[in-house]
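Worksheet for the structure shown next.
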Amino acid sequence: MSESKGESEHGGVSVRTLEIVVAAALMGLAAVVMYDNWITGARWGADGPQAGYFPFYVALLMLISAGMVLLRALPLAAPRRRFVEPSKFRPVLALLIPSMVYVVFAAYLGVYVAAAIYLTYFMFVVGRYKAAVVAPVAIGVPIVLFLLFEVWFLVPLPKGPLEYWLGY
Amino acid sequence: MIDFLKKSLAALSVAVLAGAGILVTASPADAWEPTRTVEFIVPAGAGGGADQMARMIQGIVQKHKLIPQSMVVINKSGGAGADGFLDVKASKGNPHKLIITLSNLFTTPLATGVPFNWTDLTPVAMLALDEFVLWVPADAPYKTAKEYVDAAKKAGPGKFKMAGTGSKQEDQIITAAVEQQTGAKFAYVPFKGGGTVAKQLVGKHVNSSVNNPIEGVSHWRAGNLRPLCVFDGQRIALKQKITKEMSWNDIPTCKEEGLDIEYLMLRGIFMPGGVPADAVDYYVGLFKKVRETPEWKQFMGNGAFNTTFMSGKEYRDWVAKAETTHKSLMTKAGFLAAKK
Amino acid sequence: MEAVDSLFHGFAVALTAQNIMYMVVGILLGVLIGVLPGLGGANGVAILLPLTFSMSPTSAIIMLSCIYWGALFGGAITSILFNIPGEPWSVATTFDGFPMARAGRAGEALTAAFTSSFVGALIAVIVLTFLAPIIAEFSLRFGPAEFFAVQLLTFCSFVGLGGGSPWKTVASMMLGFALAAVGIDTVTGQLRMTFGSVEMIRGFDFLVAVIGLFGVGEILLTMEEGLAFKGERPKINARVVLDTWKELPRYWITSLRGAFIGCWMGITPGGATPASFMSYGLAKRFSKNGPQFGSGHIEGVVAPETAAHAAGTSALLPMLTLGIPGSPTAAVLLGGLLIWGLQPGPMLFIEQPDFVWGLIASMYLGNVVGLIIVLTTVPWWAAILRVPFSVVGPVIVVICSIGAYTVHNAFLDIVLMLVFGVVGYVFKKLQYPLAPLVLALVLGDMAESAFRQSMILSGGSLSIFWSNGLVSSITALAIFVLFWPQISAGIARLVSGRAAKQNSPGD
């Protein structure tokens, strides 16, 4: 739904472009919501509004207001500002991409192992720490979390082959 | 705190042992026993009737050390319980997962079209059946179910308000059944939980409710609500006085009052499909033990549950019959999901 | 004074060495639970429940309710330090708490938050002690129409606060409403906006969105700004507590208002989350420091925290007297009562006075113990900010992901959290305000079902919203608050005499 908003990897995207993209995405979303709720039933029935009534008008308001944002962003008069400097955007991606990989890993390896890998990567590559600093944190944090959630509070989190092998 | 330490030490040592590869596994010749944490899914939110029962069982199992592993209660209430059922359906063959059901086992797939059915699961045991009682405020002029229905009919369609839990679920099904039988027409107002329903009735924002006994009993004792009839084939067996004059047994059945409707809600246990038969037997035995504990007996008494226990084929047949009943009640009431 | 007698009797019950130890254990656990978004009070209560079987019900409930207090205190910690609300009712605390932490004033913000929590709870307990029976009666008068009016009031007190583009505010709020409506419609049981996907039936939970928008979004911003929480080094010493205490009495009106809102919302049962929003909104509107709210003003921490804790405390009353849990934690507590064979409901006060008054007394004691514990930890919490970001950052992401997962035990929620994180980052940079989105997401569902329940009751007539004194006065108050800027401007003009003719507060 809203994934399209993150597409600014070129770094040279101007604020105006992004304003337009976001507003258009919101309008698109609003249109989809309106359509779906119209099908569900968006009229005022005999005993009050139908299921789609509120979402329909909410989406209508969203469409209008996003439309206004779009209209205001269109004129080229404003000085072209970059949404984010490429040099500054790199660190953002340096966090975002590993985080996405972490989520994918977590689906297969479980949260704890994925967290260990993620922490190791991040501290090595971004933090440039020595192995002697990385290892205790990267291994210690998942173990503490494991004890806290699985053992003490009995909150089962996504687990992978390692935990299964350990009997969890 | 000491318990936590012990537990975590135990967990650590297990991990160490396992790591060293010297962990002795239970000999397979023995009867099946859980070898890891048993997940107990509740397809409803925290605090509801099913949740309370699940947590009660968890407490009893831990207090009396009935299983060698721990048991965790997990609420998966999304989509009127669909979330929980789909999770169990997807865990085919996993003998460490249980689910406690309420009527949404039948109503949710019928009302929403979400693809699951009780045949995707393995029935384990019926723990109890929950009764439904027709309640009105204590100072309402009608003393019997018949007087009440007559008053509702006289007032005209939609003038009498019936509060209930959720939409197109057990409470609304009963309301629809009453309407079909008597020709009265209620405005059904759905609320999120049974406690809220009882409160709305005590506050006289609505005219009646079909709360479970446990949801209404405290207000009954306090003189705020009056039970008119119980939707069961026979009266509740408990003869101990709840108020000065009445016991549960003094509430007539709705049938006695000329309202021929029976509805009981299943509080039963299921497992994922494709689990070994010994595992099912193990849990049947476990729940039999649970039923023998004083805590469970007291809990059943407080909630005036119908304590029928079933397992095996008998249980399976009961569930199949209940599904048919729900289907016909919901079809008549027009609650089935529209085919998109 | 019957209540005072009973209370002292309660103190006698609660004040044993053993019970005080249980309190400390409960508070510590509760704080931990409040800090970690993946653990709710319900988890804490649930794991301790089996341990309590061997205790007397009074000791057990003391320990369990202390978890609840601890969690109320703890929720503020991550809001202030990392912009991640550990519990829903601490969202409003991030608005000023986090900017304060960035300015190196984390210690002050934490002290203010804890102290205000304590004040809120204390006022609520006093109200409970003396007015419990009246309150129970009063809360019965809240039907769907009254409930909707309360929601409306929350909205009106919050709306129009943020500056910036009004179109963006509206778009953001509507997005929140639309997201709130995804899933099963509670009134008709129909599926809405699920587009045939089973995963969508669950809908969008508020906590997942908040953890993403606020927590992850903030981390992304921090990365952009160069890997450090700017503002730097918090002062770490014990004096910060005393210094902050000297300043706090200045905001007594805000505290009092917050406590009142909290008690009211806890009882009616709006809950702690709307209470914190309403209190923040009203404080911003009526305080002379209002314009500085959002940039790190201490009063902006005082307002929501007082209200949230007052609401959390008074919400236990409906649980005891009516058997209605105000939150999942309360729900599990309620289950505990049943296991001990106590039947919550109107008769509890009469049949189990030892238990009830022991509990009320423990509310006083538990909060005092709690305040002492959390205040001593202030320097330690503030010290976390000294850990380099390249260590803390990913740890926060991991904890956030766990928090998102545990809401529904659904993996998709972790993915959604990241998506919300990106949305939060982009929105923040484009100056779409996030608070209206979150508020709409919290209240959207509740407000809509209350409205439609009212419509079923009234047979589709809107007149139900001014059908009795209570509901009309709340509705009128809501409208008054909504137009307060215009009204106050109108009054100012009248007073100055420049526009004597113009007395209508039109927009």
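What follows is calculated from the coordinates using simple rules that are stated; it is not laboratory data. Note that this is a predicted model, so its numbers are computed, not measured. Note that we place each Cβ from the backbone using ideal geometry, even for glycine, and neighbour counts take in every protein chain shown.
For this structure, a couple of remarks:
- Gyration tensor (alpha-carbon) shape descriptor, the protein assembly as shown, a/c threshold 1.5: rounded
- Against the main long axis of the alpha-carbon atoms of chain A, helix A:111-121 sits at an angle near 80°.
- Rounded, prolate or oblate (a/c below 1.5 giving rounded, otherwise prolate when a/b exceeds b/c) for chain C by Cα gyration tensor: rounded
- Calculated FRET efficiency, A:Ala94 to C:Gln292, Cβ-Cβ distance, R0 = 30 Å: about 0.30 to the nearest 0.05.
- At R0 = 60 Å, FRET efficiency that the Cβ-Cβ distance of B:Asp281 and C:Ala492 yields, to 0.05: 0.15
- Region C:2-467 - charge dipole about Cα centre, Lys and Arg +1 at Cβ, Asp and Glu -1, debye rounded to 20: 1080 debye
- Residue exposure sequence - B:Ile174, C:Ile126 - by fewest surrounding Cβ within 10 Å: C:Ile126, B:Ile174
- Under the span-like rule (Cα at least 30 Å along the axis, Kyte-Doolittle mean at least 1.6), DSSP H helices of chain C: C:106-139
- Residues of region C:43-63 with amide N under 15 Å of a point placed 7 Å along Cα→Cβ from B:Lys297: none
- Estimated D of region B:133-250 in µm² per second, where Rh is the Kirkwood radius over Cα pairs and Stokes-Einstein applies at 4 °C, 1.567 mPa s: 91 µm²/s
- Chain A, dipole about Cα centre (Lys/Arg Cβ +1, Asp/Glu Cβ -1), debye to the nearest 20: 720 debye
- Rounded to 10°, Cα long-axis angle of helix A:131-146 versus longest principal axis of chain A: 70 degrees
- Shielding by partners - mean other protein chain Cβ count within 10 Å, residues of C:403-416: 4
- Computed over every Cα-Cα pair of region A:57-122 and binned at 5 Å starting from 0, the pair-distance distribution P(r) comes out as 4, 13, 13, 10, 8, 11, 14, 11, 12, 4, 0 percent.
- R0 of 56 Å, Cβ-Cβ distance C:Leu470-B:Thr307: FRET efficiency to nearest 0.05: 0.85
- Distance violations [Cα-Cα > 19 Å] among B:Lys143/B:Lys244; B:Lys204/B:Lys332; B:Lys154/B:Lys185: B:Lys204/B:Lys332
- Projecting label points 7 angstrom from Cα along Cα→Cβ for C:Ser197 and C:Leu477 puts them 4.1 nm apart.
- Per-residue [θ]222 nm for chain C (sum of -39500 (n - 2.57) over DSSP H runs n ≥ 4, rounded to 500): -23000 deg cm²/dmol
- Spatial separation of Cα centroids for region B:229-301 and region C:265-296, in angstrom: 47 Å
- Rounded to the nearest 20 debye, the dipole magnitude of the protein assembly as shown is 1940 debye, with +1 charges on Lys and Arg beta carbons, -1 on Asp and Glu beta carbons, and the Cα centre as origin.
- Remark: relative contact order (region C:288-402) = 13 percent; criterion is Cα-Cα distance under 8 angstrom and separation of 6 or more residues.
- Label-to-label distance, nm, for residues given as A:Glu85 and A:Leu71 (7 Å Cα→Cβ offset): 3.6 nm
- Per-residue Cβ neighbour counts within 10 Å put B:Glu262, A:Glu85, B:Glu39 in the sequence A:Glu85, B:Glu262, B:Glu39, beginning with the fewest.
- Here's how it looks for B:Phe160: its modeled amide H is under 5 Å from those of B:Ala187, which are all 5 or more places away or on a different chain.
- Global form of region C:371-507, assessed from the alpha-carbon gyration tensor, a/c cut-off 1.5: prolate
- Relative contact order %, region B:133-250, counting alpha carbon pairs below 8 Å whose residues are six or more apart: 35 percent
- Radius 15 Å from Cβ of C:Asp413, net charge of other residues (Lys, Arg +1; Asp, Glu -1): -2
- Percent RCO, i.e. relative contact order, over chain B, from Cα pairs under 8 Å lying at least 6 residues apart: 24 percent
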